[in-house]
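The values are calculated or read from the model by the stated rules, or taken from the named source; none is laboratory data. What you are looking at is a predicted structure, and each value in this text was computed from that prediction instead of being measured. All Cβ positions, even for glycine, are placed from backbone atoms using ideal geometry, and neighbour counts span all protein chains on display. Just so you know, the surface numbers come from the protein's heavy atoms only, side chains and all, with ligands and any DNA or RNA stripped out. Shrake-Rupley method; radii C 1.70, N 1.55, O 1.52, S 1.80 Å.
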Amino acid sequence: MDKKLPLNFELIPTGAWNFNLRTQLPKKAWDILRQIAYQKADYKCSICKCNPKRLEAHEVWDFNKETKVQKLIDIKALCHNCHSVVHINRTILIGKEDRAIAHFKKVNKVDYSAFITALKDANEKNLELSTVDEWSLDLSYLQEI
């Protein structure tokens with residue numbers, strides 16, 4: 001896909017499946033981080049800009065295959081619909097893809113073929129990154145908050 005889409009997939013390589021901040025940090029610390037993300041986004045979804053009753057915190061990671069470093073680069077406030085798209089493979093596994101596909105198309109102003117192309121591209125990138133068995137963590141982003 002040539003153009004950068006506002007809403008896209010962020011697939012996690014298999015070697016990084018066992019780590020996320022929400023489960024690794026004490027609940028109080030995670031609550032502080034997600035509240036900072038919500039405040040930074042003015043309590044709206046960072047992607048579609050809707051004002052939902054409930055926001056979800058999404059960790060944004062950069063994966064460097066050469067250095068095998070998984071670097072936290074942001075924590076974003078997302079609505080449930082955008083978060084379902086970002087984690088599309090999980091959404092498909094639980095059988096909720098129809099709503100996610102519709103949301104992807106609406107936010108990005110694209111058709112179904114653009115969805116399929118973007119998903120194919122994301123899965124190819126994920127397959128390549130999944131050749132790394134174990135990632136080193138870089139959580140330096142947390143020092144900037």
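At-a-glance table
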{"quantity": "Residues satisfying the stated conditions in segment 21-49, i.e. aliphatic (A, V, I, L, M) and either farther than 10 Å from Ala77 by Cα or assigned to a loop (DSSP other than H, G, I, E, B) (or both)", "calculated": "Leu21, Leu25, Ala29, Ile32, Leu33, Ala41, Ile47"}
{"quantity": "Options Arg90, Arg34; residue that is within 12 Å of the chain's Cα centre (by Cα) and basic (Lys, Arg)", "calculated": "Arg90"}
{"quantity": "Count - residues of segment 63-78 that are touching a helix residue (DSSP H, G or I) at 6+ places or on another chain (Cβ under 9 Å) and either of a type in the set (Asp, Glu) or open to solvent by less than 60 Å² (accessible area, probe 1.4 Å) (or both)", "calculated": "7"}
{"quantity": "Contacts under 7 angstrom Cβ, first residue in segment 74-85 being among the basic types (Lys, Arg), partner open to solvent by 30 Å² or more (accessible area, probe 1.4 Å), 6 or more apart", "calculated": "Lys76/Ser46"}
{"quantity": "Answer from Leu142, Leu72 - the residue that is touching a strand residue (DSSP E or B) at 6+ places or on another chain (Cβ under 8 Å), in a helix (DSSP H, G or I) and either among the aliphatic types (A, V, I, L, M) or at positive phi (or both)", "calculated": "Leu142"}
{"quantity": "Subset of segment 44-62 (residues that are open to solvent by less than 60 Å² (accessible area, probe 1.4 Å), closer than 23 Å to Trp135 by Cα and not aliphatic (A, V, I, L, M))", "calculated": "His58, Glu59, Trp61"}
